[in-house]
Structure formats: structure tokens, C-alpha cells
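Everything on this sheet refers to the single structure shown next.
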Amino acid sequence: MANIKLFDPMTMDSNTLPNVAGNYVFLLRKGSQLPKVDIEPQIPEVTLDGNTYQAIYTGIASKSLRKRDYRNHFVDNDASRSTLRKSIGSLFGYDLILRKESDTKHKRFQPADEEKLTEWMMSNLLLAFVENAAPKPLEEKLIAELNPPLNLEKNTNMVNKEFRALLSKLRCRPVIGSAEHFTSSMKTTIKKTIPTQSCYPINGGKMVKIIRRNVNFNRGTNNFRCKFNNSSTFDILRVECSYNGETKVYEIDSKYLTGRDSITFYAYQNSESFTIEWQKAVADYIKEI
């Protein structure tokens, strides 16, 4: 793309973006990664001003790059108005809700998740853009040549086909409160036999691994093992312990986990609440947040 420019939402004013039509490509900052799911996509690389970035999505602004790129994607906190937001939030596993009760077509995430999504996008994405009065032909060319993994429409590339199918499925999960969501939640609960785990990047490119444990005091023992396997694959381990609607969250730096593949906590019931004690080897290093 000739005359391409780079916009950093963390450091640059939105007025830097022109109020005209054009093309844009969202790039991962150096060290940033997309949320992890079962299938890892191949992400194309582009070089701008001597720096190499990974391109995850390309689109068009038919009227205003400033409004489409900045407001809809970064500011409005509404995934129903941004395909990119909906895709990234779906990779994070955020629950969908209706934008309005009377509108069953447009779906967004819960307000708290929309805010977290905005923070992640501001911290992990850059925007390459170019003014273009007729952006559609260039969009089709960029999708065909770059094959950004989050572009679902007009993308027939065999590379990332399975990832796109998974992403489409994640984007179509049932809305909270619907009969389909209730049934899906019940199935998920029945199938869940091991702690839920996920891994995602935060500010500065650090990887956080999350382990979620539901505390069950009817299982005959009060010790709960949190298996994370290889501590070199993440920077921070976060453990979320839940009981009776209450969740306690703990974090520990991976440098204190060298040589281990798991840690253990002990849960104690206290009326309708509970307390957690960690094994001595990590008790001094793991902190409740």
C-alpha cells in the first residue's frame, strides 16, 4: 500500500486519522499474541518503516477512517458494531448478550468484558491505514495476499481454514439467558472433568496462564492440584478458585515455578464462604489479587 501510515492508539491523538474513506490493517504489537484457542492460526508478517509486524485483520472505511477505525473498534465498547471486536472477544470466550432486547440480530459482550476488550486492543494492537476513495478492490487484494486470520468473509484461502471455522463457531455461541445458552452451559458443566485453562497476553507482551478451579467440599479431600505443565510457556500463573458464587484470585511469577508442573492449595469451608492456604513451597510468592 502506497502512502501507508501507522497509528498507535496508546500514544497518538485520534485526529491523526483522516476523516475520509480508506483501507486499514490491524497489526499485533511486537511481543503481543492473539488469545489462545485449540487451533493456532498462521499469521502473516508485514514490514513497515523497517519494523516487522503480524497482520490479523484488514477492512475498509467507506466514509471515515477516524470513525470506523478508532471509534467503532477502539472506543465505542460495542462488539455489535465491530467485526474485529467480536472476533477477538470470542477468542477470549466472552459471553454474548443482545445489544437491545428488541434486537435479536446484533450481539455484543457484557459491559465489563467490553471494557477489558478495549484495554487489550489498545495495549496490543497498532493500525496501518491508507486513504483510498475506492477501498473495496484493495481490501479484496489484501485478504487474498495477506490472508489475515480474523478475516472470515471473502477469504477462501486454505491456510487457516480450520481456524476460521472455529472462530465462526465461537462467534455464534448462544446469547446469555436464551434456552440454547442454558442447554450449552449444562453440557459444558457435565463434560468438564479437568480445571479450565487458558493463556493470553497482557500489557508488555507478558503471557498469563489462567487455571480455574471449582472448590467442592464433598470430594473427600481438601487439597486441590493446579497442573500447568511447562512454566517456561508463560510469565504469570493466575489461579481462580470459586465456591458458592465467590471467587478468589491468586497470581505467582513463573520464575518461582521452575522445576514444577503443578502447585497445590488447601480449601477450608467457612459458613457460606471459604479460605485458601497454599503449599509451603509457594506460599511466600503467590499473592491474592
* Here are some pairs, Lys107/Lys141; Lys30/Lys209; Lys86/Lys116; which of them have Cα atoms lying more than 21 Å apart in this structure? -> Lys107/Lys141
* Structure fact -> Karplus ³J(HN,Hα) for the range 163-171 (6.51 cos²θ - 1.76 cosθ + 1.60, θ = phi - 60°; Hz, whole; x = Gly/Pro) runs 5, 4, 5, 5, 4, 4, 5, 5, 5
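Ranked from highest to lowest mean number of other Cβ atoms within 10 Å per residue, what is the order of the peptides 17-26, 228-237? Walk me through the numbers before you get to the answer.
Numbers: 17-26: 20.9, 228-237: 15.9.
For the peptides 17-26, 228-237, the packing ranking is 17-26, 228-237.
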* Structure fact -> The ³J(HN,Hα) series, computed from each phi in the range 71-86 with the Karplus coefficients 6.51, -1.76 and 1.60 at θ = phi - 60°, rounded to the nearest Hz and given as x for glycine or proline, is 5, 5, 8, 9, 10, 6, 6, 8, 5, 5, 9, 9, 4, 4, 4, 5
* Which aspartates and glutamates have a Cα less than 17 Å from the Cα of Lys227, not counting those fewer than 8 places away in the same chain? -> Asp235, Glu240, Glu251, Asp253, Asp261, Glu277
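Counting only protein heavy atoms and using a 1.4 Å probe, what share of the accessible area of the range 209-259 belongs to carbon plus sulfur, as a whole percent? Let's see the in-between values first.
On the way: 970 of 2660 Å².
With neighbouring chains kept in place, the figure for the range 209-259 is 36 percent.
Return the loop-located trypsin sites (Lys or Arg not before Pro) in the range 35-73 (DSSP other than H, G, I, E, B) with at most 13 other Cβ atoms within 10 Å of their own Cβ; answer none if there are none. Numbers along the way, then the final one.
Details: sites: Lys36, Lys63, Arg66, Lys67, Arg68, Arg71; in loops: Lys36, Lys63.
Answer in residue order: Lys63.
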* To do: Kindly provide the chymotrypsin sites (Phe, Trp or Tyr not before Pro) of the range 237-289 that DSSP labels as loop, not H, G, I, E or B, and whose Cβ sees at most 15 other Cβ atoms within 10 Å.
  => Tyr285
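Per the Kirkwood formula on distinct C-alpha pairs, the Rh of the chain is how many angstrom?
Details: mean 1/r = 0.0473 Å⁻¹.
21.1 Å is the Kirkwood radius here.
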* Asked: Which angle between 0 and 90 degrees, to the nearest 10, do you get for helix 179-191 versus the longest principal axis of the chain when only C-alpha atoms count?
  -> 50
* Structure fact -> In debye to the nearest 20, the charge dipole size for the range 18-77, taken about the Cα centre with +1 at each Lys and Arg Cβ and -1 at each Asp and Glu Cβ, equals 340
* Within the chain, what's the longest stretch lacking GluC sites (Glu not before Pro) that sit in DSSP loops with no more than 15 other Cβ atoms inside 10 Å? -> 154-271
* **Probe 1.4 Å, accessible area per residue of the chain, Å²** => 55
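The values are calculated or read from the model by the stated rules, or taken from the named source; none is laboratory data. Only a predicted model underlies this, so the values are computations on that prediction, with no experimental measurement involved. All Cβ positions, glycine included, derive from the backbone under ideal geometry; neighbour counts span all protein chains shown. Accessible surface areas use protein heavy atoms only, side chains included; no ligands, DNA or RNA. Shrake-Rupley method; radii C 1.70, N 1.55, O 1.52, S 1.80 Å.
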